[in-house]
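Report on the following structure.
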Amino acid sequence: MASGFRLIFATSLLLALLDLCRGSTIGICYGRNADDLPTPDKAAQLVQLHNIKYVRIYDSNIQVLKAFGNTGVELMIGVPNSDLLAFSQYQSNADTWLKNSILPYYPATKITYITVGAEVTESPSNFSAQVVPAMRNVLTALKKVGLSKKIKVSTTHSLGVLSRSFPPSAGAFNSSHASFLKPLLEFLAENQSPFMVDIYPYYAYRDSPSNVTLDYALFESSSDVIDPNTGLLYTNMLDAQIDAIYYALMALNFKTIKIMVTETGWPSKGSPKETAATPDNAQTYNTNLIRHVINDTGTPAKPGERLDIYIFSLFNENRKPGLDSERNWGLFYPDQTSVYNLDFTGKGSADVITQANVTSSNVTTWCIASSKASELDLQNALDWACGPGNVDCTAIQPSQPCFEPDNTVAHASFAFNNYYQQNGATDVACSFGGTGIKVDKNPSYDSCIYMTAGSNKTVASNTTAISSTSSFATMNRVPTWMFSCLLGTFMLVLSKS
């Protein structure tokens with residue numbers, strides 16, 4: 001009996017250790033409010049190519065769930081506001097939805113979060129009263145099938161749920177939402193679910209440029225903003241807005257609820273009055289955001305606190321209503337070319353690659369496929385290069401000069417190099433999800449000639465930044481002493497069982 005208990009305790013400790021070792025993460029939102037998007041299969045392939053490990057969708061579309069099956073990508077799915085009434089009224093509706101829309105695809109499709117409703121306090125319809133009952137019914141449905149510990153239930157909010165956000169230490173929830181928030185926060189605390197919030201420094205700057213500097217919104221500020229109550233220094237608006245929520249939660253004595261940013265980003269294009277909506281600013285914001293998150297620095301009020309943040313969004317969505325900026329938040333165009341160059345690892349340069357700034361080094365380099373990469377990763381990268389990457393792959397077709405040797409490494413090497421040379425011969429253009437490597441020895445052979453940057457080829461105007469071997473901005477760091485202590489305890493308990 002004691003032995004069994006120790007084994008159970010050891011297993012629980014190991015799971016806690018693994019969760020602790022998982023650092024801050026960056027994911028992406030996959031909205032589909034458009035009529036020109038690639039199929040879900042192609043979107044999933046694009047996500048995999050960039051080693052993106054966390055994706056948020058806004059419903060439970062069957063084709064999307066199928067597309068992400070067996071990819072290892074962790075999916076956040078949503079119950080739309082329009083379904084809240086049905087889910088809140090009858091437990092059977094939540095049970096049926098789970099049975100028909102989730103269970104057939106789980107666990108091949110790795111669903112980890114369900115958002116029940118989205119920004120309900122911003123909706124003209126009165127959905128607020130339906131949210132918590134609907135969340136309870138979804139949780140009960142999960143408990144019935146033993147998934148309540150594996151799939152967390154929450155709902156998303158806009159920053160408008162606060163009545164005050166500056167200074168951060170004075171953060172407070174809007175009292176008009178009290179009847180909605182109290183049971184919601186109790187639910188989150190009881191079930192260890194995160195408080196999910198959509199935060200956009202872009203709007204803060206756009207709507208109040210006299211009070212918010214562009215540099216502060218873009219993580220580029222050279223001066224600090226001081227919270228007069230705590231003395232904490234803030235170098236960017238996102239941290240200040242997150243801490244305002246922390247303080248609002250603490251004011252209501254909810255000190256254990258974690259915060260997850262389920263949307264943030266910057267538009268690359270806007271209406272004439274939206275002067276800050278530019279590719280350069282979007283690139284700067286998202287690049288600095290990724291760097292900030294993967295450094296695991298947390299926020300001034302919560303240093304070292306893990307942050308899970310989702311960038312909005314994967315594609316531009318041409319059917320979204322409102323100002324021009326609403327249709328231009330995507331990192332990619334519908335044809336899967338990038339809107340601007342973005343280093344998903346947070347380690348490289350944020351310079352935009354254009355014909356004017358192609359690498360000027362006198363050393364000629366080529367890009368080839370790594371022999372250590374898996375066959376599947378190479379094939380995915382090769383398919384992308386010859387498709388959305390716009391590489392001319394004629395030379396690796398049968399009877400063509402680069403078809404032999406007929407293997408994936410050789411074919412991928414040729415395609416990788418073409419993409420690399422056509423897109424500025426930069427480190428980013430050769431990473432291919434970690435499957436590409438740069439060499440200074442000409443890989444050409446026989447009549448198979450590998451192009452160089454000086455060849456008469458057109459440099460693509462839209463380049464796609466492909467991540468390195470690190471997954472999409474996921475760092476798994478934990479203090480060494482803590483890891484050693486927990487691991488030692490786990491081994492001790494296990495040895496006595």
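The values are calculated or read from the model by the stated rules, or taken from the named source; none is laboratory data. Values in this document were obtained by computation on a predicted structure and should not be read as measured data. With ideal geometry, Cβ positions are generated from the backbone for all residues, glycine too; neighbour counts draw on all protein chains shown. The protein model used for the area step is the full one, side chains on, heavy atoms only, and it has no ligands, DNA or RNA in it. Shrake-Rupley method; radii C 1.70, N 1.55, O 1.52, S 1.80 Å.
Structural remarks
- Between Asp392 and Gln91, the FRET efficiency estimated from the beta carbon spacing at R0 = 56 angstrom works out to 0.45.
- Treating r as the C-beta distance of Asp440 and Ser179 and R0 as 60 Å, the FRET efficiency rounds to 0.35.
- Remark: the range 93-150 is approximated by an ellipsoid whose semi-axes, taken from the C-alpha gyration tensor as √(5λ), come to 24, 12, 10 Å, largest first.
- Solvent exposure of the range 175-277 amounts to 45 Å² per residue of accessible area, where only protein heavy atoms count and the probe is 1.4 Å.
- Applying a threshold of 28 Å to the alpha-carbon distances of Lys150/Lys255; Lys42/Lys144; Lys150/Lys269 flags Lys42/Lys144; Lys150/Lys269 as lying beyond it.
- Close amide H partners of Asn341, meaning residues 5 or more places away or on another chain with modelled amide H under 5 Å apart, are Ile353.
- Shape call, the range 395-443: gyration tensor on alpha carbons, a/c limit 1.5: prolate
- In this label model, Lys273 and Thr112 are separated by 4.1 nm, measuring between points 7 Å along each Cα→Cβ vector.
- The label-point distance for Thr140 and Ala34, in a model that sets each label 7 Å from Cα toward Cβ, rounds to 4.0 nm.
- Within-14-Å neighbourhood charge of Leu232 [Cβ basis; K, R +1; D, E -1]: -4
- Solvent-accessible area of the range 105-181 (1.4 angstrom probe, protein heavy atoms only): carbon and sulfur portion equals 51 percent.
- For the range 42-166, the gyration tensor built on C-alpha atoms gives an oblate shape. Its axis ratio a/c (a ≥ b ≥ c) is at least 1.5, and a/b is not larger than b/c.
- The label-point distance for Thr256 and Thr230, in a model that sets each label 7 Å from Cα toward Cβ, rounds to 2.1 nm.
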